[in-house]
Amino acid sequence: MIYPSNMKKLLLFLFICNCLIVTAQNNFVHNIIPQPKTIKVAGGKMRLDDISIINIPKQNKQCKRIAQLYAKTLNLKKFKILESAKPAFTKAKSIILQLNFKENNPDQYSLTSSKSGILIIASTEKGLFYALQTLLQLLESETEKGVSKTSIPFINIDDDAAFKYRGLHLDVSRHFFSLETIKLYLDLMGRYKYNTFHWHLTDDQGWRIEIKRFPELTSKGAYRDETLVGHYSDQPHKFDGKKYGGFYTQEEVKEIVAYAADRFIEVIPEIEMPGHASAALASYPLFGCTGGPYQVEKIWGVFNSVFCTKDTTIWFVKQILEEVCALFPSKYIHIGGDEVPKSSWSLCPNCKIIKQRQGLKNDEELQSYFIQQIDIYLTNKGKKLIGWDEILEGGLSPNATVMSWRGMKGGIQAAKENHDVIMCPGTHCYFDHYQSSHAKEPLAIGGYTSLEKVYNFNPIPTSLTPEEGKHILGAQGNLWIEYIPN
Ligand code: ACM
Ligand code: ZN
């Protein structure tokens, strides 16, 4: 016999069991990256196979492209794309894409899956695209009598972006990647709603973008004689003895920019200056302080071969940027600015002249002068300059946005000086670090950054006021490629 007090205990026990079951179910469908703003699980599911139509707004090429891309990603040949003045459910189970221009919020969408099908509403095509990426992550696979089935849970999701800048970086200088690989990278970025691809195109170990005015940047600067084997710290250094390199033609760059745009990703090119310039100077030694000779580097690190600050070098760099600006429709151009040893400037008569002419007190101010010339140039072209946080040294250029990599300190200072900031501290956002303590993890640059640590990163430092915090546009993962050959 169950007494009332025991009955209460039993009910409580059943209630807790029920909560655990619901939580377990919720956890399954909560596996969406990035986590949507709200998720309500309705219980029940439908088969993906039962959906045969994607109903899209009439005469909207973007919507058609998005729907086709979705069907292609799932390799679903039987999907029919139907255009209607007002997309709505019919007898056949369908995915409905509705544009609701009332809210002008590009990243926002709602997604409801129920017995009737899937209803997606967004104020922009980009929002519709994001909803379909979420839908891809909602698919559940199971095997029934040896046959694999894919289903979609009944669910309601309202989503919006917490940050307007969601970047992923790729270094193609230390190792070179084919167009096919870059496209795969962009596909995956789109899947996880990244909206900015930071393409690190030049560095000491290879210049990777065709510049028509200066063909030797790629005929010479895109190739190194050989490459370091193993860690930099393994002494003595060993080399593979193989010539290595490659570059993207301007047509190929355009192809990547368009491919990214199709996935609502903006491409920000990075042209490194005044440091990390060995490959450029190996091609055109006259723009360095000593006149060379310089070499395309075959080991990793920071080198003294930096651009001279003389007027002719600034002219050279602006000529390059003119072609770069024409190729990339992005608002931002990244000019590097990190890790600039000053020893060649200290000894250089031309740099001395610039310092005297401009009334500069030290080499930090000389670096700031160099960056400011480029800032003025890019601003006049309607672009905005981004640089690594070293550009704070010697005074931050008026229109610059700062990418904070040596911790959050530089970003905090920049935000307090009313500059926009992208946070990518090495402690959390360097994806070239070891990611596990597994003995068989392939060679990595060093460090150890767990997935959990990355996922829990908050780009807004608590030391900023809410007003200053608005300058933190978002965060970025950086993928340096010294130890990632393919
Ligand atoms: C950097 O990692 N040198 C920006
Ligand atoms: Zn110089």
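In this structure, is I354 under 21 Å from F287 (Cα atoms) and more than 13 Å from ligand 2 (Cβ to nearest atom)? In short, no.
Would you pick out the residues in the stretch 49-62 that are closer than 30 Å to S148 by Cβ and of a type outside the set (A, V, I, L, M)? Scanning the stretch 49-62 gives D49, D50, S52, N55. From the list D363, D432, D375, the lone residue that is in contact with a Lys or Arg (Cβ under 6 Å, 6 or more places away or on another chain) and either free of Cβ contacts under 8 Å to residues at least 24 places away in the same chain or more than 13 Å from I472 (Cα to Cα) (or both) is D363.
The residues of the stretch 363-386 that are open to solvent by less than 10 Å² (accessible area, probe 1.4 Å) and charged (D, E, K, R) amount to a single one, D375. Among the residues of the stretch 301-313, are any in contact (Cβ under 8 Å) with a residue 60 or more places away in the chain, within 15 Å of ligand 2 (Cβ to nearest atom) and either part of a strand (DSSP E or B) or acidic (D, E) (or both)? Yes - at least one qualifying residue is present in the stretch 301-313. Within the stretch 136-166, the set of residues being open to solvent by 10 Å² or more (accessible area, probe 1.4 Å), assigned to a strand (DSSP E or B) and within 18 Å of S52 (Cβ to Cβ) comprises K149, T150. Within the stretch 392-406, the residues that satisfy the criterion of being closer than 22 Å to G474 by Cα, within 16 Å of ligand 1 (Cβ to nearest atom) and either at pLDDT below 95 or not in a helix (DSSP H, G or I) (or both) are A400, T401, V402, M403, S404, W405, R406. Looking across the stretch 94-109, the residues that are touching a strand residue (DSSP E or B) at 6+ places or on another chain (Cβ under 7 Å) and either within 13 Å of I121 (Cα to Cα) or at pLDDT below 90 (or both) come down to I95, I96, L97, Q98, L99, N100, Q108, Y109.
Looking at the stretch 323-337, which of the residues that are open to solvent by 10 Å² or more (accessible area, probe 1.4 Å) and touching a residue at least 40 places away in the same chain (Cβ under 8 Å) is farthest from ligand 2 (Cβ to nearest atom)? Step through it out loud before you land on a result.
First, pick out the residues of the stretch 323-337 that are open to solvent by 10 Å² or more (accessible area, probe 1.4 Å): 323, 325-327, 329, 331-332.
Of the ones still in play, those that are also touching a residue at least 40 places away in the same chain (Cβ under 8 Å) are 323, 325, 327, 329, 331-332.
Numbers: E323: 24, C325: 25, L327: 29, P329: 34, K331: 31, Y332: 28 Å.
Selected residue: P329.
Of all the criteria given as (1) touching a Phe, Trp or Tyr at 6+ places or on another chain (Cβ under 7 Å); (2) within 16 Å of ligand 2 (Cβ to nearest atom); (3) hydroxyl-bearing (S, T, Y), the one not satisfied by Y448 is (2).
For the stretch 411-428, the tally of residues that are open to solvent by less than 10 Å² (accessible area, probe 1.4 Å) and either within 14 Å of ligand 1 (Cβ to nearest atom) or farther than 15 Å from E468 by Cα (or both) stands at 5.
Per-residue answers, yes or no, for (1) more than 25 Å from the chain's Cα centre (by Cα); (2) over 30 Å from K318 (Cα atoms); (3) β-branched (V, I, T):
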{"residue": "G117", "(1), (2), (3)": "yes, yes, no"}
{"residue": "L128", "(1), (2), (3)": "no, yes, no"}
{"residue": "E140", "(1), (2), (3)": "yes, yes, no"}
{"residue": "F154", "(1), (2), (3)": "yes, yes, no"}
{"residue": "D158", "(1), (2), (3)": "no, yes, no"}
{"residue": "T196", "(1), (2), (3)": "no, no, yes"}
{"residue": "I209", "(1), (2), (3)": "no, no, yes"}
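Taking the stretch 237-274 as the range and being out of contact with any helix residue (DSSP H, G or I) (no Cβ under 8 Å at 6 or more places or on another chain), open to solvent by 60 Å² or more (accessible area, probe 1.4 Å) and closer than 21 Å to V296 by Cβ as the test, the residues that pass are K238, F239, D240, K242, K243.
Restricted to the stretch 38-135, the set of strands (runs of 3 or more DSSP E) holding at least 3 residues that are surrounded by fewer than 18 Cβ atoms within 10 Å (Cβ to Cβ), on the phi < 0 side of the Ramachandran plot and not acidic (D, E) comprises 38-47, 80-84.
Need at least 3 residues that are closer than 29 Å to W300 by Cβ per element, so show me which helices (runs of 4 or more DSSP H) inside the stretch 412-482 make the cut, counting only ones lying wholly within it.
Details: elements: 426-429, 451-455, 466-469.
Hits in the stretch 412-482: 426-429, 451-455.
The values are calculated or read from the model by the stated rules, or taken from the named source; none is laboratory data. Given the structure is predicted, the values throughout are model-derived calculations rather than measurements. Here the Cβ is made from the backbone with ideal geometry for all residues, glycine too, and neighbour counts use every protein chain on show. These area figures cover heavy atoms from the full protein model, side chains too; ligands, DNA and RNA do not enter into them. Shrake-Rupley method; radii C 1.70, N 1.55, O 1.52, S 1.80 Å.
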